[in-house]
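A.B. asks: Mind looking over this structure? Questions follow.
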Amino acid sequence: MKRTLAIALLGLLASSRAWAQATLEQDIIKLEQTVTDAQFKKDRAALERLLADDYLYTHSNGSVLNKAQEIAESMSSDVQWTDSKFADLKVRIFGDVAVLTGEQTIQGTAKGYVPGPRRITDIFVRRSGRWQWLGGQATLEPTK
């Protein structure tokens, strides 16, 4: 009886951890979309909150931007995004760090922007109980 109860409790614990992991993965995907929406809407306050102070991103055009530069570029009238689609998103969690990989296709115009899908790797960090975008990189996919 004790053995059956122990096995049942272990099974319950494992399933609750798997559920928590899946929920956290979905939260990171939602955060990715929230950041993209803030960039599209030119929502400076949201970007200030969502990007970590030590944010650093390497864009597919080769530019490397810190938090202040990323926000300034997002607010620029030279940047006019109209649509974004994500595909093949995967999230891996390492304690207080999450790594999101996948594909993003953005429509619109920006200085140095080359159209086409990109492979993305975005890094999120949990500090003081909340997740922020720490940075990452985007690589233009080769034409087929």
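Readers should treat all values here as calculations from the given coordinates under stated rules, not as data from a laboratory. Predicted, not measured: the structure shown is a model, and the values here were computed from it.
A.B. asks: Relative to the longest principal Cα axis of the chain, at what angle does helix 2-41 sit, 0 to 90 degrees, rounded to 10?
C.D. replies: Tilt relative to the chain: about 10 degrees.
A.B. asks: Take the alpha-carbon centre of region 89-144, take the same for region 36-62, and report the distance between them in whole Å.
C.D. replies: 11 Å
A.B. asks: So, one more: Taking the alpha-carbon distance from Lys85 and a cut-off under 12 Å, which aspartates and glutamates remain once sequence neighbours fewer than 8 residues away in the same chain are dropped?
C.D. replies: Hits, sequence-local ones excluded: Glu32, Asp37, Glu103.
A.B. asks: Still on this structure, please answer the following. For Cα pairs less than 8 Å apart in space and 6+ apart in sequence, what is the mean separation divided by the residue count of region 2-140, i.e. the relative contact order in percent?
C.D. replies: 22 percent
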